[in-house]
Amino acid sequence: MTDKNEIIKTETEGLAQGGRPGFVLTDPGPLDMHPAAVYLAHLQGSGRRTMAQSLNKIAGLLGVPRFEDSGGKEITYQFTNWPGLRYQHAALIRTLLLEGGNRPATIKRDLAALRGVLKQAWKLGIMSAEDYRRAVDLERVNGETLPAGRELTPGEILALITACENDPDPDGARDAAIIGLLYAAGLRREEVINLDLANYDPASGRLVVLGKGNKERAAYINNGAADALADWLAIRGAAAGPLFVAVNKGGKLDPQARRLSPQAIYNLLARRALAAGVAKFSPHDLRRTFVSDLLEAGADIATVAKMAGHKSVETTARYDRRPEQAKRRAAGLLHVPYHKRGA
């Protein structure tokens, strides 16, 4: 195995963009000693992809040229000398992110990724505690952004479910059940695809969900979501394995019972949205709708946070659209005395 000090070896001349020193590694070294790789390995699904994008962005700001793997996926973060960063570099990154027109929430996420990697560098013994402490001691990023994504209306959810019900093939029942779980239980798409048949108890409606950080939580499925899931299970059968499996073009269940991919969830929602005449939305928008609808119905925010698998109610509050709805209603209280031409 390559010595851990090999990881922090940089090109002798480095890069000098904007007067910044070079941070390009000639050899990433073993990934089990690479702070960025170790950091990302602790994340799951979309979180891993999102933070990898943040690290690639920061690597570009440090002057590291783009690197890709054999499949064309960007892995610039692997060729970046993260343990070589010091406070002045981290502070410059913060400034460049602010000047780059990024939203405050995006900057906070990018800096969280940077702090996570530097923490792993310290834990791996390739960055001193003092250098780590100084580098992560950055000024807070102020500012608020409007809630991301969008909510789906009850009419849109009805249209999506109806489109599935009108499809006589097995994937019609499967997709209705998936949409039901995404909305009624607020599941992330990675949580949906990782479900096994053993995770669901039809008698009680209890569904054991493995969330971020390998933390389990219980969701309870009832009414239409339970009915949709029952119809899918009648088609799927009682064999052990993934709760949701692929359906081939002939309308037959995959004999190998392959687990769906996150992209498959995205694709099936796009297909159902097109059939239902529903505007484009993401899988996470159903989760946003789940949180906001529960809060609008009067559910306690602490309970909703637990149901969603959030670490804190502050995270749950970012999904809450009620303040925006209140502003919309308030705006309607004022009247501008303008008469439209031709009216």
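Within the range 62-71, take every residue that is surrounded by fewer than 20 Cβ atoms within 10 Å (Cβ to Cβ) and touching a residue at least 12 places away in the same chain (Cβ under 8 Å) and give me the one that is nearest to G100 (Cα to Cα). Result: G63. Taken together, L286, L260 contain a single residue that is closer than 21 Å to E151 by Cα, assigned by TED's automatic domain parsing to the domain that holds T162 and not β-branched (V, I, T), which is L286. Restricted to the range 178-217, and to residues there that are part of a strand (DSSP E or B) and of a type in the set (A, V, I, L, M), the residue that is surrounded by the most Cβ atoms within 10 Å (Cβ to Cβ) is L207. When the range 152-177 is examined, which residues are found to be assigned to a helix (DSSP H, G or I) and either of a type in the set (K, R) or within 17 Å of F290 (Cβ to Cβ) (or both)? Within the range 152-177, P154, G155, E156, I157, L158, L160, I161, R174, A176, A177 meet the criteria. Within the range 194-207, is even one residue within 30 Å of L40 (Cβ to Cβ), of a type in the set (K, R) and at pLDDT 90 or above? No, the range 194-207 contains no residue that is within 30 Å of L40 (Cβ to Cβ), of a type in the set (K, R) and at pLDDT 90 or above. Where helices (runs of 4 or more DSSP H) fall entirely within the range 222-326, those with at least 1 residues that are under 15 Å from D171 (Cα atoms) and either of a type in the set (V, I, T) or over 24 Å from the mean Cα position of the chain (by Cα) (or both) are at 223-236, 262-276.
Is it the case, given these coordinates, that G72 is modelled with pLDDT of 85 or more and either in a loop (DSSP other than H, G, I, E, B) or not assigned by TED's automatic domain parsing to the domain that holds D110 (or both)?
For G72, the condition - modelled with pLDDT of 85 or more and either in a loop (DSSP other than H, G, I, E, B) or not assigned by TED's automatic domain parsing to the domain that holds D110 (or both) - is met.
Taking the range 219-234 as the range and being surrounded by 15 or more Cβ atoms within 10 Å (Cβ to Cβ) and more than 13 Å from A176 (Cα to Cα) as the test, the residues that pass are A219, I221. Filtering the range 72-92 to residues that are in contact (Cβ under 8 Å) with a residue 40 or more places away in the chain and polar (S, T, N, Q) leaves Q78, T80, N81. Within the range 265-280, can one find any residue that is in contact with a Pro (Cβ under 8 Å, 6 or more places away or on another chain), closer than 25 Å to R49 by Cβ and crowded, with 17+ Cβ neighbours inside 10 Å? Scanning the range 265-280 turns up at least one residue that is in contact with a Pro (Cβ under 8 Å, 6 or more places away or on another chain), closer than 25 Å to R49 by Cβ and crowded, with 17+ Cβ neighbours inside 10 Å.
The values are calculated or read from the model by the stated rules, or taken from the named source; none is laboratory data. All figures in this text were calculated on a predicted structure; none of them were measured in a lab. Cβ: placed from backbone, ideal geometry, glycine included. Neighbour counts: every protein chain shown.
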